[in-house]
Amino acid sequence: MDKIVKNDGKGLVELLGLDEGTLEHQGNYCFMAARGDSRVDIYTEPADEEGETIRVNGVYIDGEEYGLCEWCGELMPIDEMRKEIKLGYICHNCQRAIASRGEKLIYED
């Protein structure tokens, strides 16, 4: 995923749409939270020397890997997106929207 947020808990809640008050630090920059009826496991690392920001490396909801569409920002399963060489992961809706504008997309797979 590779997104950087403030290391204050609020950054993760806002980025991932987590339920308020459910974020728990599990140690070593690992977090657990809830999103509706689902369990969310979040893996991060420090993004700066001061520890003010963290880089989100992985998000798993009920054991399935999720990511953010680089174009619309929606959180969805990685296997429902494709990785475009310049843009990163893009959902099917955004792929169609970009293509309808006449832009050429080149995928890694």
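Taking (1) without any contact (Cβ under 8 Å) to a residue 12 or more places away in the chain; (2) open to solvent by 60 Å² or more (accessible area, probe 1.4 Å); (3) of a type outside the set (Gly, Ala, Ser) in turn, ASP48 satisfies each apart from (2). When residues in region 93-107 are screened for being open to solvent by 80 Å² or more (accessible area, probe 1.4 Å) and under 28 Å from SER38 (Cβ atoms), 2 of them pass.
Close contacts from region 72-94, counting a first residue that is more than 23 Å from LEU18 (Cα to Cα) and a second that is buried (at least 17 other Cβ atoms within 10 Å of the Cβ) and basic (Lys, Arg), with Cβ to Cβ under 7 Å and a gap of 6+ residues or different chains, come to none at all.
Total residues in region 11-66 satisfying the condition of being farther than 18 Å from TYR89 by Cβ, under 15 Å from the mean Cα position of the chain (by Cα) and of a type in the set (Asp, Glu): the figure is 4. For region 39-91, residues that are in contact with a strand residue (DSSP E or B) (Cβ under 6 Å, 6 or more places away or on another chain), of a type outside the set (Phe, Trp, Tyr) and closer than 18 Å to GLU108 by Cα total 12. On the stretch given as region 73-109, residues that are within 23 Å of TYR60 (Cβ to Cβ) and either in contact with a Pro (Cβ under 8 Å, 6 or more places away or on another chain) or in a strand (DSSP E or B) (or both) total 11. Filtering GLY11, GLY67, GLY36, GLY88 for residues that are surrounded by fewer than 16 Cβ atoms within 10 Å (Cβ to Cβ) and among the small types (Gly, Ala, Ser) leaves a single hit, GLY36.
Taking every residue in region 6-29 that is touching a residue at least 24 places away in the same chain (Cβ under 8 Å) and pairing it with any residue that is open to solvent by 80 Å² or more (accessible area, probe 1.4 Å), at least 6 positions away or on another chain, the pairs with Cβ-Cβ distances below 6 Å are ASN7/GLU52. Candidates are the residues of region 14-33 that are open to solvent by less than 30 Å² (accessible area, probe 1.4 Å) and part of a strand (DSSP E or B); the one that is modelled with the lowest pLDDT is GLY27.
The values are calculated or read from the model by the stated rules, or taken from the named source; none is laboratory data. Just so it is clear, the structure is predicted and the values come from calculations on it, not from any experiment. Virtual Cβ from ideal backbone geometry, glycine too; neighbours counted across all protein chains shown. With ligands, DNA and RNA removed, areas are computed over all heavy atoms of the protein, side chains included. Shrake-Rupley method; radii C 1.70, N 1.55, O 1.52, S 1.80 Å.
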